[in-house]
Amino acid sequence: MLKITTYNDVTRFDLARTLAGRGRYWTAAYLVDDLMVDTGCAFSAPELAEALSEAPLVGIVNTHSHEDHIGANGWLQRQRDELEIRAHPLALPILADPRGRQPLHPYRRVMWGWPEPSQGKPLSDGEVIETRHYRFQVVYTPGHSPDHICLYEPEQGWLFSGDLFVGGRDRALRAGYDVWGIISSLKRIAALPATTLFPSSARVRHGPAAELAAKIAYLEKLGQQVLALQRQGRSVNEIVRTLLGGPMLIEVITLGHFSRRRLVLSYLGMNEEDSAAG
């Protein structure tokens with residue numbers, strides 16, 4: 001399923017697999033001039049390719065290598081021989097071999113599917129990407145994934161934040177995320193004088209400074225509470241119950257891969273294996 005919204009020179013594509021007539025677990029990709037920022041999931045690749053059939057597309061930048069952001073890379077690259085894909089160096093092996101390098105849990109296969117392989121070139125922190133009318137600065141922002149980047153257009157104040165910023169107050173985290181890294185990266189983009197935030201898993205924000213500050217404050221406060229309870233000798237499960245409330249539906253859907261417990265463990269610098277050993 002695909003929905004298209006325009007924000008002056010930026011076109012947003014909201015993309016999702018269609019199940020029972022509805023889109024499930026949406027993600028967003030963007031077109032600016034001849035550049036795509038992310039490409040959604042594999043299930044929506046044909047629709048995105050059709051929507052872009054008349055666009056003078058010459059490049060893709062992937063904010064990170066998760067399957068719901070690289071899903072149409074291979075499809076589009078097969079259609080356009082000169083299409084250049086750019087991403088952080090850590091993302092490139094995953095783009096080239098998604099099945100071998102990024103095993104998917106059952107819910108990820110159902111919701112987003114396996115991307116086709118694609119060939120990319122590396123981007124470095126601070127590098128500038130030029131389109132016909134704009135210049136985007138690459139900002140390295142690990143935490144959500146080790147290969148996460150954002151794109152910032154200083155003249156327009158546009159910030160394409162991938163999955164670094166998601167609205168609301170997180171009560172759960174997925175395996176492999178680094179919550180302290182997320183906080184550090186949020187602080188880095190919050191220091192930019194952005195006027196419009198274009199996220200991949202939330203609505204577009206105009207004047208995002210206050211929401212970014214609130215998100216950072218919430219995550220830092222929660223981290224302080226987690227560490228304080230640990231110093232009191234409280235177990236991980238006790239910390240979860242005290243700070244994060246009751247069970248969540250997403251914990252059931254993802255078989256615990258996305259959970260309150262993993263959020264607490266990330267604050268403690270631990271994973272499930274460490275907690276079991278302790």
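DSSP beta bridges in region 72-197, what fraction antiparallel, as a percent rounded to 5?
Taking every DSSP beta bridge within region 72-197, about 65 percent pair in antiparallel fashion.
Between 0 and 90 degrees, rounded to the nearest ten: what's the tilt of helix 209-231 against the longest Cα principal axis of the chain?
30 degrees
Using only C-alpha positions, report the orientation-averaged shadow area of the convex hull of the chain, nm², one decimal.
14.6 nm²
³J(HN,Hα) across region 53-68 via Karplus (A = 6.51, B = -1.76, C = 1.60, θ = phi - 60°), whole Hz, x for Gly/Pro?
Rounded to whole hertz, the list is 4, 9, 7, x, 6, 10, x, 10, 10, 9, 5, 6, 9, 5, 4, 8.
Of the DSSP beta bridges with both residues in the chain, give the percent that are antiparallel, rounding to the nearest 5.
Counting DSSP beta bridges with both partners in the chain, the antiparallel share is about 70 percent.
Measuring from label point to label point, each 7 Å out along Cα→Cβ, what is the R80 to Y218 span in nm?
The two pseudo-label positions are separated by 3.6 nm.
Under a Cβ-Cβ cut-off of 14 Å, what is the net charge of the residues other than D170 that fall near it, where Lys and Arg count +1 and Asp and Glu count -1?
Residues close to D170 contribute a combined charge of +3.
Show me 82-88, 97-103, 252-258 ranked by packing, highest mean number of other Cβ atoms within 10 Å first. Before the final figure, lay out each step's value.
Numbers: 82-88: 18.9, 97-103: 14.0, 252-258: 15.7.
Result, highest mean first: 82-88, 252-258, 97-103.
Would you mind checking the tilt of helix 179-190 against the longest principal axis of the Cα atoms of the chain, expressed as 0 to 90 degrees and rounded to 10?
For helix 179-190, the angle is close to 50 degrees.
By the scheme Lys and Arg +1, Asp and Glu -1, what is the net charge of all other residues having a beta-carbon under 15 Å from that of R78?
Around R78, the surrounding residues sum to -4.
What number, rounded to the nearest 500 deg cm²/dmol, is the helix-based mean residue ellipticity at 222 nm of the chain, given -39500 (n - 2.57) per DSSP H run of at least four residues and division by all its residues?
The per-residue figure over the chain is -9000 deg cm²/dmol.
Given the C-alpha centroids of region 99-141 and region 203-255, what is the distance between them in whole angstrom?
Here the answer is 27 Å between Cα centres.
Going highest first, how would you order 27-38, 222-233 by mean Cβ packing within 10 Å? Walk me through the intermediate numbers first.
Working: 27-38: 23.0, 222-233: 14.1.
Sorting 27-38, 222-233 by mean packing, highest first, produces 27-38, 222-233.
Sort 122-130, 9-17 by the packing proxy (mean of other Cβ within 10 Å over each peptide's residues), most packed first. All intermediate terms of the calculation are to be shown ahead of the outcome.
Numbers: 122-130: 12.7, 9-17: 20.6.
Result, highest mean Cβ count within 10 Å first: 9-17, 122-130.
Given H placed on each backbone N at 1.01 Å, which residues far from L123 in sequence or on other chains put an amide H within less than 5 Å of it?
The list, which skips near neighbours in sequence, is A87, H88.
Just so you know, all these numbers are worked out from the coordinates, no wet-lab data involved. Predicted model only: the values in this text are computed from it and were never measured. Please note: Cβ atoms are built from the backbone with ideal geometry, for glycine as well, and neighbour counts cover all protein chains shown.
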